[in-house]
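S.K.: Right, I'll just put the structure down here and ask away after.
No value in this document is a laboratory result; all are computed from the given coordinates. Keep in mind it's a predicted model, so treat the numbers as computed, not measured. Glycine gets a Cβ as well: all are built from the backbone with ideal geometry, and neighbour counts include every protein chain shown.
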Ligand SMILES: Cc1cc2nc3c(=O)[nH]c(=O)nc-3n(C[C@H](O)[C@H](O)[C@H](O)COP(=O)(O)OP(=O)(O)OC[C@H]3O[C@@H](n4cnc5c(N)ncnc54)[C@H](O)[C@@H]3O)c2cc1C
């Protein structure tokens, strides 16, 4: 659980586009709404999750609501891995 | 199970076949297609039979299962011969095929990808509208639910191959959230008007598409409601950019070959013009730019093969650079041809016009610059250490 959250947190943080270097992102924050990621980020994230956790995100499963905070992505990956 | 060696030689064989096909069947007709404003149906059918329309897609869906690099090299071969034929590959394989592959249901994949691969059908990707281009999230085409169906209203413009496509992937909006629908051409309320008077893409069957109370069944939604941005459209444009990046290399390479050949045959002041250093300057620049663009495309292809998240930005960089240098090299190719470069008797006249489009489609140069700048601002920032 921690490993998954850490890995995702690291990926998201390394992709934040913020001019204020002290910008903080909490695990529950919606990074899309806060404008902290750029437009290619969403599909970069999908590619990352598929590659890193060997899951398949596509088809009809993607609910955008799952992919806007570190906590939501972590739960999504966990649920996919236990399927 | 085929061995990696068998796979490699299969890919190599397809690339050689693409080279032959481009040389013998596409190139000799490119000027005619441009002048008549249409890609011949028999050529489209042959491209489908050869598997080029879905070259990158898995064989189970009627594709050739090419890896991204070989797919890029095949795109370059076809693109060198005829830009509109390359555009057909971009639309069928990258914009429509890859999008259905990534986000379509199994039924959608089986039905619509097979239709392109085996039934002579074509798809098209309808995002842009008369009032909406770069600001794609602002599309004005709407959808609303009615029972189990959706009703679409709006207008699309600049849809490549829209004039002859059998179905369209249409991006439509409801309450500021966009969804992609598969709309068939012969559905009531769909009106297609071919576009004429174009600088380039004259044989790419561009069209405006009007949708008036078009009733789309629920099973024609591609992806989940609200998933068009950033997911479904993002996937389409990412694959589209990869294809267009190779299209840029193709135009630049074809321009270079034409300029070298002309420079070595044209005589002025009693010498071949290739002997003038100012002409050599243009040739030298062209060679260096093309090698650099191809290296970027190859790198993007390798990253795509590994499904590396950086592939998306490297693809954007490759597309931006190769579109840019295609225009520069094509401009110099016209220059080396002098007055002949301004005549449709020489391919560089067409290449010059076609090159311009690459800086506009799949994200304009200015939009790409901003994406790349944001990437650079993030990746190359080092927090200043305290004094
Ligand atoms: C040959 C051809 C084929 C095409 N095929 C398709 C297709 O198959 N499907 C489809 O959906 N569309 C297609 N298009 C449309 C194409 O994707 C759009 O033309 C493109 O996205 C640009 O939109 P626009 O033309 O409305 O220009 P605009 O968005 O109006 O841009 C005009 C100018 O303003 C600049 N600009 C806009 N916003 C900004 C900004 N934020 N910052 C700085 N500069 C900005 C642009 O860079 C450009 O220079 C095609 C176009 C052509 C020419």
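S.K.: Within the protein assembly as shown, what percent of beta bridges assigned by DSSP are antiparallel, to the nearest 5?
M.R.: Antiparallel bridges make up about 85 percent of those DSSP assigns within the protein assembly as shown.
S.K.: Would you mind checking the tilt of helix B:41-50 against the longest principal axis of the Cα atoms of chain B, expressed as 0 to 90 degrees and rounded to 10?
M.R.: Around 90 degrees separate the two axes.
S.K.: Another one. Based on alpha-carbon positions alone, could you give the equivalent ellipsoid semi-axes of the protein assembly as shown from the gyration tensor, as √(5λ), descending, whole Å?
M.R.: 37, 28, 21
S.K.: Pull up the DSSP beta bridges for chain B and report the antiparallel fraction as a percent, rounded to 5.
M.R.: 85
S.K.: Take the alpha carbon gyration tensor of region B:181-298, find the square roots of its eigenvalues, order them as a ≥ b ≥ c, and report rounded if a/c is under 1.5; if not, report prolate when a/b exceeds b/c, else oblate.
M.R.: Here region B:181-298 falls in the oblate category.
S.K.: From Cα pairs below 8 angstrom and at least 6 apart in sequence, can you work out the relative contact order of chain B, rounded to a whole percent?
M.R.: 15
S.K.: If you fit an axis through the alpha-carbon atoms of helix A:41-53 and take the longest principal axis of the Cα set of chain A, what angle between them do you get, 0 to 90°, nearest 10?
M.R.: Between helix and principal axis, roughly 40 degrees.
S.K.: Which of the three applies to region B:34-146, rounded, prolate or oblate, going by the alpha-carbon gyration tensor with a ≥ b ≥ c and a/c under 1.5 meaning rounded?
M.R.: oblate
S.K.: What span do the alpha-carbon atoms of region B:72-210 cover on each of the three principal axes, reported in whole Å from largest to smallest?
M.R.: That works out to 48, 37, 26 Å along the principal axes.
S.K.: Here's a follow-up. Over 20 Å apart: what share of the alpha carbon pairs of region B:248-341 falls there, rounded to a whole percent?
M.R.: Summing the P(r) tail past 20 Å for region B:248-341 gives 42 percent.
S.K.: What shape does chain B take by its C-alpha gyration tensor, where a ≥ b ≥ c are the square roots of the eigenvalues and a/c under 1.5 counts as rounded, a/b above b/c as prolate, and the rest as oblate?
M.R.: Prolate, because a/c is 1.5 or more and a/b exceeds b/c.
S.K.: OK, next. For region B:88-201, calculate the relative contact order in percent as a whole number, restricting contacts to Cα pairs under 8 Å that are 6 or more residues apart.
M.R.: With pairs under 8 Å counted, the relative contact order is 22 percent.
S.K.: What FRET efficiency, computed as 1/(1 + (r/R0)^6) with R0 = 41 Å and r the Cβ-Cβ distance, is obtained for residue A:3 and residue B:302, rounded to the nearest 0.05?
M.R.: My answer for the efficiency is 0.90.
S.K.: Taking Cα pairs under 8 Å and at least six residues apart, what relative contact order does region B:72-132 come out at, in percent?
M.R.: 28
S.K.: Quick one: angle between helix B:233-265 and the longest Cα principal axis of chain B, in degrees between 0 and 90, rounded to 10, please.
M.R.: 20
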